[in-house]
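What follows is a short report on a single structure.
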Amino acid sequence: MMNLSRSVALISLFLLPLLSFSFSVDNPTDQRVLVLLDDLSLKSSHSIFFGSLKSRGFDLDFKLADDSKLALQRYGQFLYDGLIIFAPSTERFGGSLDSKSIADFVDSGRDLILSADTSASDLIRGIALECGVDFDEDSSAMVIDHSSFPLSDGDHTLIAADDLVKSDVILGKSKIEAPVLFRGVAHSLNPTNNLVLKVLSASPSAYSANPSSKLSSPPQLTGSAISLVSVMQARNNARVVISGSLQLFSDRLFRSAVQKAGSPNKYEKSGNEQFATELSKWVFHERGHLKAGSLVHHRVGETDEPAIYRIKDDLEFSVEILEWSGRSWEPYVADDVQVQFYMMSPYVLKTLSTDKKGMFHTSFKVPDVYGVFQFKVEYEKLGYTTLSLSKQIPVRPYRHNEYERFIPTAYPYYGACFTTMAGFFVFSFVYLYHK
């Protein structure tokens, strides 16, 4: 037993450094990804999507969702940087994995891809609901569209969707020309959750219902309110993708030719592969990940950072912001980064200029108010990680010997004082010597 305990201790010491270096600030791209499947045959039916991830350097660990040895943590450290759940019908995960451990995984800043379909279990629906996504309550309902469908589809449950979010950060700079094929379940977004966003929306003519039965009442989800694929970026910059279709990632739909009803354009291949690939780059932080250096400030004409400023001092402020390109850090270029000089409320709000090399800078005059201020940079932009930086600095008033000897605005008062003295002298002279 003693030898066994020593062996476990040695293994723990060996594993802990490896686990702690799995996610680095210098390399934010997820490296090790756990893939949970309903059936291992999905490895071959969705091989193009998984092959794309492997070609970009990801280490995929495929496991059945009910594997009794499933675990996201060991010895207090996370084993994976990302999680893909392609197991919509799973009622219960194996091992120590459950909805709470997945929520903790996302709360730790790690990323998740969750895909459902018409067989989505309450477990999968619950995980999606935690992220602000509510799947249609009718488990037999599918998205149906009688106008936006490929000509090859007969029952109009295969949707040819082209209402994509307009964001180069999330979907890449190359426009997705071909429609994205979708067959699955609809979902809506929680209106109180401002972190979740529709990436692929249904057309105004779409609705969610059971395709094998007649409608007895108006469907609850209709039109553009239906989201097909949504994303969420949490406040800790963890990213989540939720899709209502597992087939969207399949090789069959990747390779399918598509011609949307009412459109003369015919495409040899759907937009699914490009859509899924670009979306996976975003969710696994290959794109849109920012980092900032320390906030630098000093008086104009100086280089050292002072411990305190005086009111009306002229100062210069700068911060370096870099963007991860998937392989290296590149200068971030934007014209909407701002700095606040803040005490209870912003006294100064300035848009920073950039030198196109990642350095953002500005200069301004310290307000005529003393107290404890903060330099604050809070940057939020669609698709990018959030930056929240602050640095505290006190501001003092003038000392007694720092005021100007004669203040120009007081010249009228000076004149009045001397005029009064001169008038009193004249009056006294006249009163004393005039007979």
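Residues are listed down the side, and each one gets a yes or a no for (1) under 18 Å from the mean Cα position of the chain (by Cα); (2) of a type in the set (Ser, Thr, Tyr):
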| position | (1), (2) |
| --- | --- |
| Arg299 | no, no |
| Asp304 | no, no |
| Tyr309 | no, yes |
| Glu316 | no, no |
| Glu320 | no, no |
| Ser325 | yes, yes |
| Val333 | yes, no |
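Kindly establish whether Thr419 is modelled with pLDDT of 90 or more, open to solvent by less than 30 Å² (accessible area, probe 1.4 Å) and either of a type in the set (Ser, Thr, Tyr) or part of a loop (DSSP other than H, G, I, E, B) (or both). So Thr419 fails the test. I'd like to check something: does the range 48-66 contain any residue that is open to solvent by 50 Å² or more (accessible area, probe 1.4 Å) and more than 21 Å from Phe249 (Cα to Cα)? Checking the range 48-66: at least one residue is open to solvent by 50 Å² or more (accessible area, probe 1.4 Å) and more than 21 Å from Phe249 (Cα to Cα).
Considering only the range 304-362, how many residues are among the small types (Gly, Ala, Ser) and in a strand (DSSP E or B)? Break it down stepwise before answering.
Restricting attention to the range 304-362, the residues satisfying the condition of being among the small types (Gly, Ala, Ser) are 307, 318, 325-326, 328, 334, 345, 353, 358.
Then drop every residue that is not in a strand (DSSP E or B), which leaves 318, 345, 353.
Residues flagged as among the small types (Gly, Ala, Ser) and in a strand (DSSP E or B) within the range 304-362 amount to 3.
Is it fair to say Leu19 is surrounded by 13 or more Cβ atoms within 10 Å (Cβ to Cβ) and at pLDDT 90 or above?
Details: surrounded by 13 or more Cβ atoms within 10 Å (Cβ to Cβ): yes; at pLDDT 90 or above: no.
No: the conditions fail for Leu19.
Based on what the data block shows, is Tyr398 under 30 Å from Gly57 (Cβ atoms), in a loop (DSSP other than H, G, I, E, B) and not hydrophobic (A, V, I, L, M, F, W, C)? If you could, list the steps in order and put the result at the bottom.
Numbers: under 30 Å from Gly57 (Cβ atoms): no; in a loop (DSSP other than H, G, I, E, B): yes; not hydrophobic (A, V, I, L, M, F, W, C): yes.
The answer is no for Tyr398.
Only one of the numbered conditions (1) more than 30 Å from Met232 (Cα to Cα); (2) in contact with a Pro (Cβ under 8 Å, 6 or more places away or on another chain); (3) open to solvent by 70 Å² or more (accessible area, probe 1.4 Å) is not met by Lys365, and that is (2).
On the stretch given as the range 368-383, residues that are open to solvent by 30 Å² or more (accessible area, probe 1.4 Å) and more than 21 Å from Arg310 (Cβ to Cβ) total 4. The set of residues in the range 386-416 that are closer than 30 Å to Leu290 by Cβ and open to solvent by 100 Å² or more (accessible area, probe 1.4 Å) contains only Gln392. For residues that are among the aliphatic types (A, V, I, L, M) and assigned to a loop (DSSP other than H, G, I, E, B), tally how many sit in the range 59-76. So the answer is 4.
Looking across Gly223, Gly184, Gly126, one residue alone is small (Gly, Ala, Ser), under 29 Å from Asp98 (Cβ atoms) and without any contact (Cβ under 8 Å) to a residue 60 or more places away in the chain. It is Gly126.
State whether one or more residues within the range 272-292 are touching a strand residue (DSSP E or B) at 6+ places or on another chain (Cβ under 8 Å), closer than 30 Å to Gly371 by Cβ, in contact (Cβ under 8 Å) with a residue 40 or more places away in the chain and outside any helix (DSSP H, G or I).
Taking the range 272-292 first, the residues touching a strand residue (DSSP E or B) at 6+ places or on another chain (Cβ under 8 Å) are 272, 275, 279-280, 282-292.
Subset that is closer than 30 Å to Gly371 by Cβ: 292.
Checking the rest, the ones that are also in contact (Cβ under 8 Å) with a residue 40 or more places away in the chain come to 292.
Subsequent filtering for residues that are outside any helix (DSSP H, G or I) retains 292.
Yes; the residues of the range 272-292 include at least one that is touching a strand residue (DSSP E or B) at 6+ places or on another chain (Cβ under 8 Å), closer than 30 Å to Gly371 by Cβ, in contact (Cβ under 8 Å) with a residue 40 or more places away in the chain and outside any helix (DSSP H, G or I).
Is the range 206-216 home to any residue that is touching a helix residue (DSSP H, G or I) at 6+ places or on another chain (Cβ under 6 Å) and either open to solvent by 70 Å² or more (accessible area, probe 1.4 Å) or at pLDDT 95 or above (or both)? Please lay out each step first, then the result.
We begin by selecting, within the range 206-216, every residue touching a helix residue (DSSP H, G or I) at 6+ places or on another chain (Cβ under 6 Å); these are none.
There is no residue in the range 206-216 that is touching a helix residue (DSSP H, G or I) at 6+ places or on another chain (Cβ under 6 Å) and either open to solvent by 70 Å² or more (accessible area, probe 1.4 Å) or at pLDDT 95 or above (or both).
Wholly within the range 77-192, which strands (runs of 3 or more DSSP E) include no fewer than the required count, namely at least 1 residues that are open to solvent by 10 Å² or more (accessible area, probe 1.4 Å) and hydroxyl-bearing (Ser, Thr, Tyr)? Write out each step before concluding.
On the way: elements: 82-86, 111-115, 133-135, 142-145, 159-161, 180-182, 187-189.
Those strands (runs of 3 or more DSSP E) span 187-189.
Applying a threshold of 6 Å to beta carbon distances and a minimum spacing of six or more residues, or different chains, the list of pairs starting in the range 388-406 at a residue that is without any contact (Cβ under 8 Å) to a residue 24 or more places away in the chain and ending at one that is open to solvent by 100 Å² or more (accessible area, probe 1.4 Å) and in a strand (DSSP E or B) reads Ser388/Glu378.
Looking at Ser224, Ser230, Ser245, Ser188 in this structure, which one is closer than 27 Å to Tyr384 by Cα, modelled with pLDDT under 90 and touching a strand residue (DSSP E or B) at 6+ places or on another chain (Cβ under 6 Å)?
On the way: Ser230 fails: modelled with pLDDT under 90; Ser245 fails: modelled with pLDDT under 90; Ser188 fails: modelled with pLDDT under 90.
Answer to the check: Ser224.
With respect to (1) open to solvent by less than 10 Å² (accessible area, probe 1.4 Å); (2) part of a loop (DSSP other than H, G, I, E, B), the lone exception for Val240 is condition (2).
Of the set (1) buried (at least 16 other Cβ atoms within 10 Å of the Cβ); (2) without any contact (Cβ under 8 Å) to a residue 40 or more places away in the chain, all apply to Met359 but (2). When Gln233, Gln247 are checked against the criterion of being open to solvent by 60 Å² or more (accessible area, probe 1.4 Å) and closer than 21 Å to Val283 by Cα, a single residue qualifies: Gln247.
The values are calculated or read from the model by the stated rules, or taken from the named source; none is laboratory data. Note that this is a predicted model, so its numbers are computed, not measured. When we count neighbours, we look across all protein chains shown, and the Cβ atoms used for this are built from the backbone with ideal geometry, even at glycine. What goes into the accessible areas is simple: the full protein's heavy atoms, side chains included, and nothing from ligands, DNA or RNA. Shrake-Rupley method; radii C 1.70, N 1.55, O 1.52, S 1.80 Å.
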